[in-house]
Amino acid sequence: MGIFARGARLWARYKNEKGEWINERTGFAVGQEDKAKRYLARIDSLARDARDGAKTQPAALAASITVKDYVERWLEDRRGLSLASWSDDANRLRKHVVPLIGKLELGAVRPSDVRDVVLFHRKANQLAPRTIRHVFATMAIMFGDAIADELITMTPCVLRKGVLPKKVDKDPDWRATAIYDRAEIALLIFDPR
């Protein structure tokens, strides 16, 4: 049992409920060893419980809650913590994720479902690449919190290289015109407001 690196990613090695050795991607990068160790401890605990005949609750809980239900609960938690980004997170999830995978059970979401959300928005070409990356990052945080809430055992937010768009502006000519003139700079510096 342990954590090891393959390239820039961390992997876990543990025995499953049948006593077989498993190598599994943790979803964490090199440098996040503490998170990967907590993940491994949780997985190992679940596998031990299953080997000992105990009923695993996370799977039962995740089977009874949809992504849409968890999104709403998660957003309320973030709002209660007074996090400044909760409204941006709500907008990203409610507009761009829930319509696509909201009806799925939380425990049934697979990496292919997350990939399909990203590819759907890339093909629709209505969101800037940076926005698509923000939507994915918000999903990754939410599913990470679902692990912490012990509703799922691993995050489905694992994508192959090249699936996420590169960080570029939707309108490549916009940035060249995004400059302040002398009067605007003086106003920013010297205006008492």
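Quick rundown of the values:
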read-out: The stretch 77-139: translational diffusion in µm²/s, Stokes-Einstein, Kirkwood Rh over Cα pairs, 4 °C, 1.567 mPa s; value: 104
read-out: Note, ³J(HN,Hα) from phi for the stretch 94-108, Karplus 6.51, -1.76, 1.60, rounded to Hz, x at Gly and Pro; value: 5, 8, 10, 10, 4, x, 9, 10, x, 7, 6, 5, 4, x, 8
read-out: Nonlocal amide H pairs with PHE28, under 5 Å, H built at 1.01 Å; value: LEU10
read-out: Gain in span if fully extended, ASP44 to LYS123, counting 0.36 nm per residue against the direct Cα distance; value: 24.5 nm
read-out: The chain - percent of accessible surface contributed by carbon and sulfur, probe 1.4 Å; value: 52
read-out: At 1.002 mPa s and 20 °C, Stokes diffusion of the chain via Kirkwood alpha-carbon radius, µm² per second; value: 112
read-out: For THR66, distant residues with modelled amide H under 5 Å away; value: LEU106
read-out: Using alpha-carbon coordinates, inclination of helix 111-124 to the longest axis of the chain, degrees; value: 20
read-out: Accessible area in square angstrom per residue, the chain, 1.4 angstrom probe; value: 65
read-out: Rounded to the nearest 10 Å², the accessible area of MET1 at probe 1.4 Å; value: 130
read-out: Pairs of lysine residues in the stretch 83-193 - Cα separation under 18 Å, sequence separation of 8 or more or cross-chain; value: 6
read-out: Which of ILE147, ILE132 is most accessible, then next, and so on - probe 1.4 Å; value: ILE147, ILE132
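The values are calculated or read from the model by the stated rules, or taken from the named source; none is laboratory data. From a predicted model like this one, the values you see are computed outputs, not experimental measurements. Each accessible area value is taken on the protein alone, full model and side chains, heavy atoms only, with ligands, DNA and RNA left out. Shrake-Rupley method; radii C 1.70, N 1.55, O 1.52, S 1.80 Å.
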